[in-house]
Structure formats: structure tokens, C-alpha cells
Amino acid sequence: MPITNSKIKSYDFLSGMYRDSYFPDFLVDKIRGVLIDLCEKIEAQLPETPEALFLLTHSATESINDLGEEFEENGSELETEAREVMAENFDFIVKAYGFPDVDIEDVIAPREW
């Protein structure tokens, strides 16, 4: 399902991680894929409550958690800069889909990064 939200379509996902050679692009691409998938699911399911949104964002967060070991195997890790960039991306996404008041810590609660 192609994304229809104009803010999301023009958003430069994970630009801070792509600019830093510490993060392998092919792994950043995987995180970007998780975020794009999250957007597609939000558009398909149209969550109406923060709780319904969190089911989707938590699933995406757990998918990113699963990439932690792969980052380590490639001489990188999901450390401070990555955490900040990913949190900013999640924050942008939830706001773009009409949830301006949710706490980012609730959005990414199951994070291990």
C-alpha cells in the first residue's frame, strides 16, 4: 500500500544516521523499511486512540530491537545518536498521523536502544 500522507512522503527518514559512516547504510535501510512499514500500517488501520497507535509503534520498535545484534556484528551499535534520530523519526510519524500529544517514551516504550 503506497503512503498517501504528504508529510510522510516528503520526509527524509533517518538522515542523521545516513550522514554518519558509523552506521552501515544497508542496516539503516532496514530501519527505514520498518518505519515505512509502520506508516503503511497506520494508514491501513487508522488507529483512533493512542493505545491503538502504540500497538503499531511498539511492534515497529521491537523490529528495530531485533536489528541490534546485526549492527554489532558490523562494527556499529544503536547508541545515543541513533536513539535520538530514531526517536525523532517516530515522533514525526505519530504527529504527521494526528497524534501530537503522545509522549515519545510511550510511543517507543519497548525499545532496547
Return the pair list, or none, for Cβ contacts closer than 6 Å from residues in the range 41-63 that are exposed (fewer than 15 other Cβ atoms within 10 Å of the Cβ) to residues that are not in a helix (DSSP H, G or I), at least 6 apart or on different chains. A44/M1; E62/P110
Find the residue count for the range 71-84, including only residues that are in a helix (DSSP H, G or I) and either open to solvent by 40 Å² or more (accessible area, probe 1.4 Å) or of a type in the set (S, T, N, Q) (or both). 6
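This table checks each residue for (1) of a type outside the set (F, W, Y); (2) free of Cβ contacts under 8 Å to residues at least 24 places away in the same chain; (3) within 16 Å of V94 (Cβ to Cβ); (4) open to solvent by 60 Å² or more (accessible area, probe 1.4 Å).
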position	(1), (2), (3), (4)
I3	yes, no, yes, no
K7	yes, no, yes, yes
S10	yes, yes, no, yes
M17	yes, no, no, no
S21	yes, yes, no, yes
D29	yes, yes, no, yes
Taking the range 99-108 as the search range and keeping residues that are touching a Phe, Trp or Tyr at 6+ places or on another chain (Cβ under 8 Å) and part of a helix (DSSP H, G or I), which one is least open to solvent (accessible area, probe 1.4 Å)? V107
In the set A87, A96, which member is open to solvent by less than 40 Å² (accessible area, probe 1.4 Å), within 10 Å of the chain's Cα centre (by Cα) and of a type outside the set (F, W, Y)? A87
Checking L35 against (1) part of a helix (DSSP H, G or I); (2) open to solvent by 90 Å² or more (accessible area, probe 1.4 Å); (3) among the aliphatic types (A, V, I, L, M): exactly one of these is not met. Which one? (2)
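The values are calculated or read from the model by the stated rules, or taken from the named source; none is laboratory data. Since we're looking at a predicted model, the values are computed, not measured. No Cβ is skipped: glycine too gets one built from the backbone with ideal geometry, and neighbour counts run over all protein chains shown. We work out accessible area using only protein heavy atoms, side chains counted, and drop any ligands, DNA or RNA first. Shrake-Rupley method; radii C 1.70, N 1.55, O 1.52, S 1.80 Å.
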